[in-house]
Amino acid sequence: MTDYADLTRFIVEKMVSTPEAVNVRALPHGRTTIIEVGVADGDIGKLIGKGGRNIDAVRAVVRAAGLRGHERVQVEVAEPR
């Protein structure tokens, strides 16, 4: 389960201006693992991308990694604080 969180952290840290502010949590939710990603307020636009393209790409990569292990994995953006 933490492998998906590590993969997500690795990808997101390369996308944002302040990688030290990236916060990734793996939350088991029934048969699905939810990966919650939080970034600095100034980086939320970079994470989501124009039309949601960046976050969709992150979700596709992590979902594909989960399919290799026959697991369901979802990536969600954490609510800004």
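The values are calculated or read from the model by the stated rules, or taken from the named source; none is laboratory data. Remember, it's a predicted structure, so these values are computed and weren't measured experimentally. FYI the Cβ positions are ideal-geometry reconstructions off the backbone, even for glycines, and counts take in every protein chain you see. Calculation scope for accessible area: heavy atoms of the full protein, side chains included, ligands and nucleic acids excluded. Shrake-Rupley method; radii C 1.70, N 1.55, O 1.52, S 1.80 Å.
Things worth noting here:
- Residue that is surrounded by the fewest Cβ atoms within 10 Å (Cβ to Cβ) [pool: residues in region 35-56 that are touching a residue at least 24 places away in the same chain (Cβ under 8 Å) and among the acidic types (Asp, Glu)]: Asp41
- The set of residues from region 12-26 being open to solvent by 60 Å² or more (accessible area, probe 1.4 Å) and either assigned to a loop (DSSP other than H, G, I, E, B) or not charged (D, E, K, R) (or both) comprises Ser17, Asn23.
- Residue within region 35-46 that is within 13 Å of the chain's Cα centre (by Cα) and part of a helix (DSSP H, G or I) present: yes
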